[in-house]
Number of protein chains: 2
Amino acid sequence: MSDHSKLPVAPVGAHEPPYYVAVFTSVRTQDQSGYSETDARMEELVKDVPGFLGMDHARTPGGLSITVGYFRDADSLTEWRRNAEHRAAQKRGRAEWYESYTLHVAKVERSHGFTREQAPQGTTAG
Amino acid sequence: MSDHSKLPVAPVGAHEPPYYVAVFTSVRTQDQSGYSETDARMEELVKDVPGFLGMDHARTPGGLSITVGYFRDADSLTEWRRNAEHRAAQKRGRAEWYESYTLHVAKVERSHGFTREQAPQGTTAG
């Protein structure tokens, strides 16, 4: 991993619909011991899931964290949900790291992207 | 608005599926003049859209911004997309404020929430 791995130059781009997003929004507790190691491990693990398309993350200091995972289809997301190490991390998260969270799992119907260097590009389905 | 309006104590909760999410991920340019006024105006405007359920926002300093808007149905989202003032703001965003962005519009199939103060609660459809 490069030193810039934590500073994305661009968000994950638009894929051809349909695909899935898992939107995880959370507020953390004061005690974050062990969180960053587990988070790094999860980021590594999810890359091995067939159909994983990418992940975006943002966190307002002292406020909300949002992580969005992109998956090719429902099966791909199910595989990730059932991963034993992932489940253990979720359990620990509820016990220690999260004050509150919401997970929204949704099927993308349309998407488009824009980058300053090139013309807007879009894909639509449905 | 209270002084705490920028510091949510909890993310937007799980609603009964189906509902829609608009996931907007972006990296900003250096020049953000006029952005915060427009952003505040959009936050105010979207609340008038029938079926608007809420909005989550997080921003990593120097990195990615993620805004997630929640809507009861596709019509509600279409009304927001067609709002003239919103369209003008988007156009200005492409011209001035955004280095790159992606918009994913998706239909939520399942969701659940957790808060430390109470037992986990969930809703599922499909």
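The values are calculated or read from the model by the stated rules, or taken from the named source; none is laboratory data. None of the values given here were measured: they were computed from a predicted structure. Note that each Cβ is placed from the backbone with ideal geometry, even for glycine, and that neighbours are counted across all protein chains shown. These accessible areas exclude ligands, DNA and RNA; they are computed on the full protein's heavy atoms, side chains included. Shrake-Rupley method; radii C 1.70, N 1.55, O 1.52, S 1.80 Å.
For segment A:41-53, state whether one or more residues are closer than 24 Å to B:V68 by Cα, without any contact (Cβ under 8 Å) to a residue 12 or more places away in the chain and among the hydrophobic types (A, V, I, L, M, F, W, C).
no
Of the residues that make up segment A:78-85, is at least one hydroxyl-bearing (S, T, Y), more than 22 Å from B:H15 (Cα to Cα) and surrounded by fewer than 20 Cβ atoms within 10 Å (Cβ to Cβ)?
Filtering segment A:78-85 for residues hydroxyl-bearing (S, T, Y) gives A:78.
From what's left, more than 22 Å from B:H15 (Cα to Cα): none.
No, segment A:78-85 contains no residue that is hydroxyl-bearing (S, T, Y), more than 22 Å from B:H15 (Cα to Cα) and surrounded by fewer than 20 Cβ atoms within 10 Å (Cβ to Cβ).
Whether any residue in segment A:65-72 is assigned to a strand (DSSP E or B), among the aromatic types (F, W, Y) and open to solvent by less than 20 Å² (accessible area, probe 1.4 Å) is what I want to check.
yes
Give segment A:48-59 a look and list any residue that's facing chain B (nearest Cβ under 9 Å) and surrounded by fewer than 20 Cβ atoms within 10 Å (Cβ to Cβ), or say none.
The answer is A:R59, and nothing else.
Report whether or not A:G63 is within 9 Å of chain B (Cβ to nearest Cβ), within 30 Å of B:T29 (Cβ to Cβ) and not polar (S, T, N, Q). Show your work before the answer.
Values: within 9 Å of chain B (Cβ to nearest Cβ): yes; within 30 Å of B:T29 (Cβ to Cβ): yes; not polar (S, T, N, Q): yes.
Judged against the criteria, A:G63 is a match.
Give B:A106, B:A58, B:A10, B:A40 a once-over and let me know the one that is out of contact with any helix residue (DSSP H, G or I) (no Cβ under 6 Å at 6 or more places or on another chain), part of a helix (DSSP H, G or I) and closer than 24 Å to A:V23 by Cα.
B:A40
Based on what the data block shows, is A:P18 in contact (Cβ under 8 Å) with a residue 60 or more places away in the chain, more than 8 Å from chain B (Cβ to nearest Cβ) and open to solvent by 50 Å² or more (accessible area, probe 1.4 Å)? Don't jump to the end; show me each part of the working.
Details: in contact (Cβ under 8 Å) with a residue 60 or more places away in the chain: yes; more than 8 Å from chain B (Cβ to nearest Cβ): yes; open to solvent by 50 Å² or more (accessible area, probe 1.4 Å): yes.
Taking the combined requirement at face value, the residue satisfies it.
Say whether the condition of being open to solvent by 30 Å² or more (accessible area, probe 1.4 Å), within 10 Å of chain A (Cβ to nearest Cβ), touching a His at 6+ places or on another chain (Cβ under 7 Å) and of a type in the set (S, T, N, Q) is met by at least one residue in segment B:101-117.
no
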